[in-house]
Amino acid sequence: MMQSRNRNRDHLNLLCDIGELANLIIGSTDIQGFLQQTVEMVAHHLNANVGSIYLYDDTTRDLVLQATVGLNPSAVGQVRMKSGEGLVGKIFESLKPICEGRASSHPNFKYFEEADEDPFESFLAVPIHRGKEKIGVLVVQHEHPDYFDEIDVMAMRAIASQLTGAIENARLMIDQNHKTVPSQGDDLMERLRFIKGKTASGGFAHAPVTVLKADGESLLSHRPDSEFVSAPQDFLKALEATKQQLTDLQDRLAQRLPESASLIFEAHFMILKDARFVDAMLTKIEQGVSVPEAVRDVAGHYMALFSSAPSAYLKEKAQDIEDLARRLLNNLCKNTSEDTDHTEGRIVIARQLLPSDLLKLASEDIKGIVLVSGGVTSHVAIIARSLKIPMVIAERSDLMELPDGTPMLLDADIGSIHTRPSETIVQRFEIRNQTQKAEDEATRPMPAQTKTRDGESVKLLANINLLSEIKLAKDLNVEGVGLYRTEFPFLVRSNLPSEEEQYLVYKRLCDEMGDREVTIRTLDIGGEKLLPYIEGIKEANPELGLRSIRFSLHHREVFLQQLRAILRAGAGVGAGKLKIVFPMISAIDEFRQARHAIEEAMVDLARKKLPFYPAPALGAMIELPAALDIIHELAKEADFFSIGTNDLIQYMLAVDRTNERVAAYYQPYHPSVLRSLHRIIQAAVKAEIEVTVCGEMGHEPEFIPFFIGVGLRTFSVDPHFLRYVQETIVDLSVSDASAYAKTLLAEPTLEGIQKLLRSQTERHRHVS
């Protein structure tokens, strides 16, 4: 017994080491190798004599030993049991861990002779599952009785949780390997049968693929054939059909996304109205060139012109011409019923997508997206999440070689891509997807008030990216909007939205929220969020360039136009309910300039006799280290603070989290980050102004107790995190959270803070 108590406890830290887990997933050469390395790692870190993984086989309805270290290797694939049979079967059935000091004395114990497990008395095992979906069991054993304890249980639960996605896919691939025989010469399909990518937007999709080739590759490589009719009247019919399709798509998109109501397909319509573009095609047709050849030649000429232009805005027009030409060609085809909708109902594979590209695809009801460029801007990912479009990033250029129509299954929750999946895999995912849909549709309102266990009130608000998210937030009974990101109406258009267009968007936001508070952030543009229609000097490092409030103050008329639209939209809002926050404030002078712009906008509206909200609360987004040393003075200027943790961490630690080479250095738990957050919140508390956390840290379970402990009482999170955040808060007491926060703030090392965070998370998981 003493031996178990005195042994090294570093395994809890090692088991949760993200780098080691990543190497395990990426470094293994095959599925069996991954499972074997997993059991070896677990056994090593728990100083166990045995480590094993059992996975459930849907076909035989057995739990099967798939990998082991310490048991007889020949038992792999041979030891099988039913759910509820033996200790392992009992764990699988109940989804509860078992820790036994003397396993042979347990009423559920069953001996498997082929495994040679009789010397091992101590037994610890945890279920591997995702929600109600049962996957398998992870087991460790030791020859000494009473070897494992509660800390080991916590460690095993942590590792099982972190590896659930990878182990689930291992099980699926084992099933598929048993049932799929690759055809001769089908090397591409074999290579792409299963790919592990990175999640950009969660969800599930099963559909045929469409590959979007770059720079007109698909259009220019297409040669007309006998399917195409080459009469001028057919071209004119195709032209009218294309116009009607674009109108229908625009109408559908405007209903789904009011922000895009000012013609996301505007460029397409303008090109079709350009007599030179259409006349050039008709001239070629009259000269005897086939209709599709004429479309291809003229479109190719314009695409080459635009692609070579120095302006990013003009370069983007080449994509519009390609899309338009493809639609014309599809409408010329005799089988228009099959060919017109190039992407509708498909999983789209592309090298890169702009926000406007994504919205065009959304209008065609695509089922999912795979990006092969290895990176994605946060705004494309946010739009995909808001639209509930599953998106996976995979650095596999050979995906671009897949034939159109190839069946694909995306499990974007864990970043998995299955090409030509077996029927078993499809059925399993369909069942899980239907279960998840049923749970999502059973959304019930949250309690109107959120209070800690000891009665402290906490305000829960929603981050809104697109107006389509308001319904979920309202259904959940949210108290208001803590952050509306105004840049999306700018990013999805091909020209600057007018004051009137902005007013209509903001007015709908205010109307939808009724008497609940609304905080609108002014334009947060620059960095990765560039407006191609506003030309300027190309910046070597746009993240440190003319962005956010700097952009607005530099482009003053754009800023004033937006401020007028916001103030007008709030004309009917109740007193104290409209707030405006300025992004990336680094100096008191910037805040004062922004406030003066508000005053100027009010004077202008009063002169025009337009109704407006007379006294909005004005806040500062705290997301730059420069604001920290003036935080108390800034608290005297601002009516409230909003903390943007994502950018604050990036700028404090000099790390771009979208760069995979340095992403590991993006550490929200860094002691400097935690202490800075404490300073910001305490400055707001002292000045008696409200402070809200708006970044991703606000919904992460390990940090919610910290925020409560340092005095934060307002959280603004994406709507789908609201219920979880509330459930976490009501389980906390302020006294416990304060003690926990003090412990974190006193710890100077990353390793020490990680241990404290894991202990807190495991305690919460164990209790719940």
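Every number in this text was worked out from the coordinates using simple rules, so none of it is lab data. The structure presented is a predicted model; accordingly, all values stated were derived computationally and were not measured. Please note: Cβ atoms are built from the backbone with ideal geometry, for glycine as well, and neighbour counts cover all protein chains shown.
General observations
- Computed 3J(HN,Hα) for the stretch 286-297, one whole-Hz value per residue from the Karplus formula 6.51 cos²θ - 1.76 cosθ + 1.60 where θ = phi - 60°, is 5, 7, x, 6, 4, 4, x, 5, 5, 4, 5, 5, glycine and proline marked x.
- In nm, spacing of pseudo-spin labels at Thr749 and Lys388 (7 Å Cα→C-beta vector): 4.7
- FRET efficiency, 1/(1 + (r/R0)^6) with R0 35 Å, evaluated for Leu496 and Gln287 via beta carbons: 0.30
- Oblate is the label for the stretch 641-725. Its Cα gyration tensor axes, ordered a ≥ b ≥ c, give a/c of at least 1.5 and b/c at or above a/b.
- Sequence of Ser74, Ser586 once ranked by neighbouring C-beta atoms within 10 Å, starting from the fewest: Ser74, Ser586
- Sequence of Thr714, Thr247 once ranked by neighbouring C-beta atoms within 10 Å, starting from the fewest: Thr247, Thr714
- Approximating the spin labels as points 7 Å out from Cα along Cα→Cβ, the Glu85-to-Leu236 distance works out to 7.6 nm.
- As a proxy for reagent exposure, Asp475, Asp524, Asp629 were ordered by neighbouring Cβ count within 10 angstrom, fewest first; the result is Asp629, Asp475, Asp524.
- Taking packing as the residue-averaged number of other Cβ atoms within 10 angstrom, the listed peptides 479-489, 33-43 run from highest to lowest as 479-489, 33-43.
- Inter-part distance, the stretch 85-139 to the stretch 402-430, computed on C-alpha centroids, equals 32 Å.
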